[in-house]
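Step one of this worksheet: look at the structure below.
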Amino acid sequence: MANAPSTRPSFSPGRRWCIGFSVAVMTLAVFAVVVMVNYLSTQFFRRYYLSSLTRIQLSTRTTSLLHSLTNRVQVTVYCSREEEFFSDLANLLKEYTSANPKLSVRYIDYDREPGAAEEFKIKYNTSTNKSLIVFECEGRSKIVLGDALVQNQLVQEKSETPGQLALRKKPINFLGELMFTGALIGVTNPKPLKAYFLEGHGEHRPDNANDPMGYAKFAGLLRQNNIETWPLTLLGTNTVPDDCNLLVIAGPKDPLPALELGRVEKYLGEGGRLFVLFNVLSEDHVTGLEKILTKWGVNVTAGIVKDPDNSSPPEGLDVIAFNFRVKHPLVNALLGSRLQMILPREVDALDLAAQPDSGIKAEEIVYSGPRSVLSNGGMTQRPGVKPLVVAVEKSAAKGVAAERGATRILVTGDSLFLGNERIESAANHDFARLAANWLLDRPLLLEGIGPKSITEYQLLISNAQLQTVQLILLVAIPGGIVLLGGLVWLRRRK
């Protein structure tokens with residue numbers, strides 16, 4: 001019987017080496033292509049966002065600021081990675097560093113890195129374990145509180161106890177870009193802005209956090225927007241300081257002496273910025289500011305506006321204002337939102353046609369509803385739309401430079417709506433921020449940068465449905481994979 005011919009092995013050692021070498025070369029080639037494409041994409045290509053749920057895209061205003069940035073900025077994120085907003089924060093900072101590599105970010109997880117956390121506390125003289133984001137540039141630093149990144153709203157929900165309701169903080173807006181861009185402006189601008197609060201006439205106090213009508217929250221909002229706050233008295237020889245960028249007169253109850261009124265008027269004539277808020281507590285007497293404001297095209301009436309169609313029952317002491325002047329930069333971002341004002345006074349813009357060369361432009365920018373009435377000493381006027389806020393701007397005369405810039409004035413018929421108790425109601429908080437930035441002529445923080453809405457999704461399933469899902473995930477899917485693998489194994493054995 002002849003010997004069977006010997007079979008040649010399928011893979012000789014040489015052939016195996018050739019195949020291995022080819023695989024290694026192809027792997028390196030694919031890796032090189034991926035690296036080159038990634039590099040080119042960061043330099044020449046745009047990003048496209050495929051998911052509206054995870055989309056984080058910077059506004060054009062922030063992008064312009066980042067492209068103009070020439071100084072290096074160090075961002076230190078002192079935050080636990082278990083925080084609910086951490087992923088949003090990290091993704092947002094990735095967009096900042098992608099737009100300008102001069103920004104560098106360092107993360108310190110105080111739960112997992114106790115040594116680094118202790119160094120951070122010593123460096124910034126803090127003992128808190130709350131989240132902080134620190135922006136630093138050339139010795140200047142700005143701290144953004146992690147709690148300020150998310151705007152919450154109290155909502156009622158069913159409690160575990162039958163028949164009872166529980167209150168829960170519901171996140172409604174993410175303010176990351178707004179806060180971070182403001183901090184960038186602060187650390188890259190060597191000259192800080194200052195707002196002075198006039199006192200001595202019953203005004204709301206910016207240092208009073210316990211009084212519902214105090215202005216501590218408003219003052220804190222200014223500081224978050226990199227505006228320092230200082231008290232001011234105009235008694236004796238005191239005048240408005242040269243470094244005053246914004247003068248706030250918040251709800252004076254008592255008349256201002258002629259000496260102080262003269263100093264306020266002088267400040268406006270030099271190109272000052274004034275935020276004056278009236279309220280119901282001065283309805284029956286003049287404060288003296290009314291006469292000054294008349295020269296600037298603003299008339300503050302003695303009556304109280306009531307809007308039966310847009311007020312909260314049963315008292316109806318508030319006015320829900322949602323009519324805004326279209327295309328005015330201060331209220332553009334508020335279109336579709338509402339303000340809640342408390343017993344506001346009517347504030348009208350006067351016709352300055354007789355002074356065409358004054359350069360003064362007064363505009364009514366917030367209105368009540370069409371069936372509003374003005375109640376004045378028991379007398380009620382005919383129903384109609386009532387203006388509640390007036391913005392004034394004076395253009396600079398040709399060839400003449402004002403000492404402080406171009407005058408801007410904002411007058412509101414209510415001051416209680418920005419007190420500690422009401423500033424978080426409706427869009428009052430946003431109005432306060434926009435008002436300060438418009439008065440200080442910071443268009444970067446007026447257009448295109450705003451809160452990002454947070455949408456919550458709830459999955460409601462019964463116990464039976466939950467058990468079905470568990471069976472599918474824990475039994476059906478793994479069992480199907482094992483069965484399929486067994487069938488493949490049996491087929492190959494045949």
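Under the condition of being within 29 Å of Phe86 (Cα to Cα), among the hydroxyl-bearing types (Ser, Thr, Tyr) and modelled with pLDDT of 70 or more, which residue from the stretch 17-74 is surrounded by the fewest Cβ atoms within 10 Å (Cβ to Cβ)? If we take residues in the stretch 17-74 being within 29 Å of Phe86 (Cα to Cα), among the hydroxyl-bearing types (Ser, Thr, Tyr) and modelled with pLDDT of 70 or more, then Thr70 is surrounded by the fewest Cβ atoms within 10 Å (Cβ to Cβ).
Working carefully through the options Pro241, Pro308, find the one that is closer than 25 Å to Arg422 by Cα and either crowded, with 17+ Cβ neighbours inside 10 Å or not aliphatic (A, V, I, L, M) (or both). Full working, then the answer.
Values: Pro241 fails: closer than 25 Å to Arg422 by Cα.
None of the others qualify; the one that does is Pro308.
Are any of the residues in the stretch 373-380 surrounded by 15 or more Cβ atoms within 10 Å (Cβ to Cβ), in contact with an Asp or Glu (Cβ under 7 Å, 6 or more places away or on another chain) and either modelled with pLDDT of 95 or more or within 30 Å of Gly220 (Cβ to Cβ) (or both)? Within the stretch 373-380, not a single residue is surrounded by 15 or more Cβ atoms within 10 Å (Cβ to Cβ), in contact with an Asp or Glu (Cβ under 7 Å, 6 or more places away or on another chain) and either modelled with pLDDT of 95 or more or within 30 Å of Gly220 (Cβ to Cβ) (or both). Against the test of being aliphatic (A, V, I, L, M), buried (at least 17 other Cβ atoms within 10 Å of the Cβ), farther than 20 Å from Asn208 by Cα and touching a strand residue (DSSP E or B) at 6+ places or on another chain (Cβ under 7 Å), the options Leu256, Leu268, Leu277, Leu261 yield a single qualifying residue, Leu268.
Among the residues of the stretch 227-242, just one is out of contact with any helix residue (DSSP H, G or I) (no Cβ under 8 Å at 6 or more places or on another chain) and within 10 Å of Tyr267 (Cβ to Cβ), namely Pro241. Before we move on, is Lys306 closer than 18 Å to Leu274 by Cα and charged (D, E, K, R)? The answer is no for Lys306. Among the residues making up the stretch 217-238, a single one is over 25 Å from Lys191 (Cβ atoms) and surrounded by 15 or more Cβ atoms within 10 Å (Cβ to Cβ): Lys217. Taking first residues from the stretch 208-225 that are over 23 Å from Pro192 (Cβ atoms) and partners that are among the charged types (D, E, K, R), the Cβ contacts under 6 Å between residues at least 6 apart in sequence or on separate chains come to Pro212/Glu421; Gly214/Arg205. The residue that is farthest from Trp438 (Cα to Cα), counting only those in the stretch 262-310 that are acidic (Asp, Glu) and free of Cβ contacts under 8 Å to residues at least 60 places away in the same chain, is Asp284. Taking the criterion of being buried (at least 17 other Cβ atoms within 10 Å of the Cβ), more than 21 Å from the chain's Cα centre (by Cα) and in contact (Cβ under 8 Å) with a residue 40 or more places away in the chain, the residues of the stretch 87-143 that qualify are Phe120, Cys137. Of all the listed residues (Thr468, Thr455), the sole one being at pLDDT 80 or above, of a type outside the set (A, V, I, L, M) and either loosely packed, with under 10 Cβ neighbours inside 10 Å or assigned by TED's automatic domain parsing to the domain that holds Phe85 (or both) is Thr468.
The values are calculated or read from the model by the stated rules, or taken from the named source; none is laboratory data. None of these values were measured; they are calculated from a predicted model. Glycine also receives a Cβ, built like all others from the backbone with ideal geometry; neighbour counts cover every protein chain displayed.
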